[in-house]
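The values are calculated or read from the model by the stated rules, or taken from the named source; none is laboratory data. All values derive from a computational prediction rather than experimental measurement. Here the Cβ is made from the backbone with ideal geometry for all residues, glycine too, and neighbour counts use every protein chain on show.
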């Protein structure tokens, strides 16, 4: 069974731009969550989706948004990029309330 | 969800057992203990989880004390590929709000 896939794997943007990251969960998984990882703050929860509905949200500004499609694929968007948004963005999927499986991440660099 | 305390780093000789401790003294009765690891620049990898009883799978064993205030992850025969940051997380398994709260973890270095 294929794991969680994230595209693109690497991305370079400039300040003020916006970016969209994509996540395809493991087949059959309906829950998707997103995390941001930076050297200074570690792994921080962004949001979680289940059946196209956001169920939980972390403490991030409104520039960070996400959505989930009917096929469980998810996207997250960051608008008006800042230098501090440079990070590894991780997506994870889960079958129900149990174990979460993480993708390889998208490394975003904001110049 | 309860907080956890882990040593920042540990070394282990290749082929020996690696015992990674985790303190979770404020754990509630319905909180599970989860272990994940993250090899450099990759996504975290699920290892094992448990509630009360000791658990074992093909990757590791999880030993939870009787009072549930601490646990130990055991990698029975550590290899160089086990070098990673190991995260101990305690959380309630709900039908909603499934986020993990990751601490800094333990950086395990397996030495040849």
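Values computed for the structure shown
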| item | result |
| --- | --- |
| Failed criterion for residue A:80 (all others in (1) in contact with a strand residue (DSSP E or B) (Cβ under 8 Å, 6 or more places away or on another chain); (2) at pLDDT 95 or above; (3) assigned to a loop (DSSP other than H, G, I, E, B) hold) | (1) |
| Considering residues of segment A:92-111 that are within 8 Å of another protein chain (Cβ to nearest Cβ), under 26 Å from residue B:90 (Cα atoms) and assigned to a strand (DSSP E or B) only, the residue modelled with the lowest pLDDT | A:100 |
| Lone qualifier among B:7, B:112, B:44 - being within 29 Å of residue A:7 (Cβ to Cβ) and either surrounded by 13 or more Cβ atoms within 10 Å (Cβ to Cβ) or in contact (Cβ under 8 Å) with a residue 40 or more places away in the chain (or both) | B:44 |
| Those strands (runs of 3 or more DSSP E) lying entirely in segment B:39-102 with at least 3 residues over 28 Å from residue A:91 (Cβ atoms) | B:61-64, B:70-75 |
| Filter result (more than 18 Å from residue A:16 (Cα to Cα) and within 14 Å of chain B (Cβ to nearest Cβ)) within segment A:53-73 | A:53, A:54, A:55, A:56, A:57, A:58, A:59, A:66, A:68 |
| Some residue of segment A:42-64 being at pLDDT 95 or above, crowded, with 18+ Cβ neighbours inside 10 Å and part of a loop (DSSP other than H, G, I, E, B) | no |
| Test set (1) more than 10 Å from every other protein chain (Cβ to nearest Cβ); (2) touching a strand residue (DSSP E or B) at 6+ places or on another chain (Cβ under 7 Å); (3) in a loop (DSSP other than H, G, I, E, B) - residue A:22 fails condition number | (3) |
